[in-house]
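Would you mind keeping the following structure in view while I ask a few things?
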Amino acid sequence: MSNQRKRLNGEEEDDEDGDGIGDWERAYVDDRSWEALQEDESGLLRPIDNSAIYHAQYRRRLRMLSVAAAGTRIQKGLIRYLYIVIDFSRAAAETDFRPSRMAIMAKHVDAFIREFFDQNPLSQIGLVSIKNGIAHTLTDLGGSPESHIQALMGKLESSGDSSLQNALELVHEHLNQIPSYGHREVLILYSALSSNDPGDIMETIQKCKKSRLRCSVIGLSAEMFVCKHLCQETGGLYSVAVDEVHLKDLLLEHAPPPPAIAEFAVANLIKMGFPQRAAEGSMAICSCHKEVKIGAGYTCPRCKARVCELPTECTICGLTLVSSPHLARSYHHLFPIAPFDEVPTLSSQNDPRRKLGKSCFGCQQSLLGAGNKQGPCVTCHKCKHYFCLDCDIYIHESLHNCPGCESIHRPKSVSLMEE
């Protein structure tokens with residue numbers, strides 16, 4: 001029995017050595033939990049403050065954008081038509097991104113779609129997947145984030161090879177019908193290290209360039225020459241994600257409108273309609289879904305057709321339908337708020353700056369941390385008010401107005417009424 005037990009133990013040890021690590025160790029290796037620790041001043045291990053790291057990354061990205069736009073007048077497009085191409089070939093099942101590349105791509109594309117429509121309310125998105133060497137249209141161009149996300153989550157399967165040329169041919173066919181005032185863009189999330197194409201992909205790239213398609217690629221494996229060449233020819237961006245956080249940052253960089261190509265940046269007048277919301281009890285046939293609906297939707301001011309949501313294009317008369325808030329929100333990227341200045345740590349208890357900015361001007365929370373010490377905060381260089389880190393992010397990413405500056409520049413009529 002002892003020999004048999006020793007033989008079994010020996011086999012188990014050989015199997016464990018063959019795999020490199022045991023099953024009980026693999027869970028820790030996959031999670032890489034030791035990377036979430038850092039050594040403090042006393043030599044003890046503490047969890048990393050992820051909020052501070054996120055804020056540092058956010059401010060670094062904000063400074064890069066402000067430096068790039070400083071001293072130049074960049075023309076950007078208000079109406080964007082973007083196709084997101086997702087590689088669902090067998091390479092998407094790799095587990096170097098936990099739990100898989102496919103799951104991580106779907107998760108962050110979900111967040112990107114919502115952020116895209118928040119910053120570009122007049123724009124439209126379409127989804128294309130690559131599977132078994134064939135490009136499939138998941139959704140046509142539209143302005144409803146929920147319909148895109150629902151279609152994406154229902155098609156999470158990976159198989160076969162990838163074909164970059166077939167995907168470009170499909171999106172070129174769709175975007176070539178877009179009016180001249182629309183900015184045509186393609187964002188490709190590519191998992192594979194090869195592309196099995198039926199023809200010459202270089203001809204397809206030149207066709208996309210001629211049709212003014214701006215193609216950008218985010219790779220999940222390694223850099224590929226054909227992807228880099230595609231981005232260089234069409235004026236897009238090419239990058240490779242090293243981890244999940246990096247992939248999220250790379251995706252969100254494509255949410256704000258990119259600079260318009262100089263030779264195609266021509267101002268156009270666009271006819272738009274501002275529909276009225278239907279009454280609660282009214283009944284009408286929805287022109288987009290061909291269904292009878294009660295009390296929901298909007299009425300086209302030209303042909304009186306019923307549509308479900310805004311912004312959209314009337315399927316009957318072709319008029320672009322928007323609401324006034326959508327139109328107003330489309331202009332915030334033309335006049336962005338300058339990055340706030342970081343407040344240095346106070347040198348002593350008698351520092352005169354200690355009397356200023358004890359609470360955040362936005363949320364009124366105290367800026368003093370443990371031991372009555374000043375916590376990290378920022379200040380607007382115009383109104384000199386202090387803000388916490390969360391309000392800094394909210395002001396620049398969602399509000400797009402400084403509360404301190406808006407409270408100073410108030411109309412005289414409002415001040416007289418309060419007096």
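The values are calculated or read from the model by the stated rules, or taken from the named source; none is laboratory data. Please read these numbers as outputs of a predicted model, since none were measured by experiment. We place every Cβ from the backbone using ideal geometry, glycine too, and count neighbours over all the protein chains shown. Ligands, DNA and RNA are excluded from the accessible area calculation, which covers all protein heavy atoms including side chains. Shrake-Rupley method; radii C 1.70, N 1.55, O 1.52, S 1.80 Å.
How about the stretch 324-340: which of its residues are in contact with a Leu (Cβ under 7 Å, 6 or more places away or on another chain) and either farther than 25 Å from G297 by Cα or loosely packed, with under 12 Cβ neighbours inside 10 Å (or both)?
P339, the sole residue that qualifies.
Sticking with this structure for a sec: Can you say whether E291 is open to solvent by 30 Å² or more (accessible area, probe 1.4 Å), of a type in the set (D, E) and without any contact (Cβ under 8 Å) to a residue 12 or more places away in the chain, as far as the supplied structure shows?
yes
Among the residues of the stretch 109-130, are any of a type in the set (K, R), in contact with a Lys or Arg (Cβ under 9 Å, 6 or more places away or on another chain) and open to solvent by 20 Å² or more (accessible area, probe 1.4 Å)?
Scanning the stretch 109-130 turns up no residue that is of a type in the set (K, R), in contact with a Lys or Arg (Cβ under 9 Å, 6 or more places away or on another chain) and open to solvent by 20 Å² or more (accessible area, probe 1.4 Å).
Could you please find all residues in the stretch 240-259 being out of contact with any strand residue (DSSP E or B) (no Cβ under 9 Å at 6 or more places or on another chain) and closer than 13 Å to M105 by Cβ?
Across the stretch 240-259, the qualifying residues are E244, K248.
Can you find even one residue in the stretch 115-128 that is hydroxyl-bearing (S, T, Y) and without any contact (Cβ under 8 Å) to a residue 12 or more places away in the chain? Before the answer, list the steps.
From the stretch 115-128, those hydroxyl-bearing (S, T, Y) are 123; that's our starting set.
With without any contact (Cβ under 8 Å) to a residue 12 or more places away in the chain added as a condition, the list becomes none.
Taking every residue of the stretch 115-128 in turn, none turns out to be hydroxyl-bearing (S, T, Y) and without any contact (Cβ under 8 Å) to a residue 12 or more places away in the chain.
Sticking with this one: Among the residues of the stretch 150-177, which ones are hydrophobic (A, V, I, L, M, F, W, C) and without any contact (Cβ under 8 Å) to a residue 40 or more places away in the chain?
Listed by number, the list holds a single entry, A151.
What do you reckon, is E223 free of Cβ contacts under 8 Å to residues at least 12 places away in the same chain, of a type outside the set (F, W, Y) and open to solvent by 40 Å² or more (accessible area, probe 1.4 Å)?
Details: free of Cβ contacts under 8 Å to residues at least 12 places away in the same chain: no; of a type outside the set (F, W, Y): yes; open to solvent by 40 Å² or more (accessible area, probe 1.4 Å): yes.
No: the conditions fail for E223.
Here's something else I'd like to know. It is to be established whether one or more residues within the stretch 232-246 are in contact with a helix residue (DSSP H, G or I) (Cβ under 6 Å, 6 or more places away or on another chain) and closer than 18 Å to L170 by Cβ.
The answer is yes; a qualifying residue exists.
Being assigned to a loop (DSSP other than H, G, I, E, B), in contact with a helix residue (DSSP H, G or I) (Cβ under 8 Å, 6 or more places away or on another chain) and at pLDDT 80 or above narrows it down to one of I270, I337, so name that one.
I337
Another question, then. Regarding A296, is this residue open to solvent by less than 60 Å² (accessible area, probe 1.4 Å) and either touching a residue at least 40 places away in the same chain (Cβ under 8 Å) or assigned to a strand (DSSP E or B) (or both)? First the steps, then the outcome.
On the way: open to solvent by less than 60 Å² (accessible area, probe 1.4 Å): yes; either touching a residue at least 40 places away in the same chain (Cβ under 8 Å) or assigned to a strand (DSSP E or B) (or both): no.
So A296 does not fit the description; no.
Among what's in the stretch 306-323 and is of a type in the set (S, T, Y) and under 24 Å from the mean Cα position of the chain (by Cα), pick the residue that is surrounded by the most Cβ atoms within 10 Å (Cβ to Cβ).
Top of the filtered list is T312.
Restricting attention to the stretch 177-187, does a residue exist that is among the polar types (S, T, N, Q) and surrounded by fewer than 17 Cβ atoms within 10 Å (Cβ to Cβ)?
Step one: filter the stretch 177-187 for residues among the polar types (S, T, N, Q), giving 177, 180.
Next, only the ones that are surrounded by fewer than 17 Cβ atoms within 10 Å (Cβ to Cβ) stay: 177, 180.
Taking every residue of the stretch 177-187 in turn, at least one turns out to be among the polar types (S, T, N, Q) and surrounded by fewer than 17 Cβ atoms within 10 Å (Cβ to Cβ).
Could you please tell me which pairs satisfy a Cβ distance under 6 Å, a separation of 6+ or placement on different chains, a first residue in the stretch 236-262 that is open to solvent by less than 50 Å² (accessible area, probe 1.4 Å), and a second residue that is hydroxyl-bearing (S, T, Y) and not in a loop (DSSP other than H, G, I, E, B)?
Between residues of the stretch 236-262 that are open to solvent by less than 50 Å² (accessible area, probe 1.4 Å) and residues that are hydroxyl-bearing (S, T, Y) and not in a loop (DSSP other than H, G, I, E, B), the close pairs are G236/S216; L250/S239.
Are any residues in the stretch 131-151 within 22 Å of V322 (Cα to Cα) and open to solvent by 40 Å² or more (accessible area, probe 1.4 Å), and if so, which ones?
D140, L141, E146, S147, listed by residue number.
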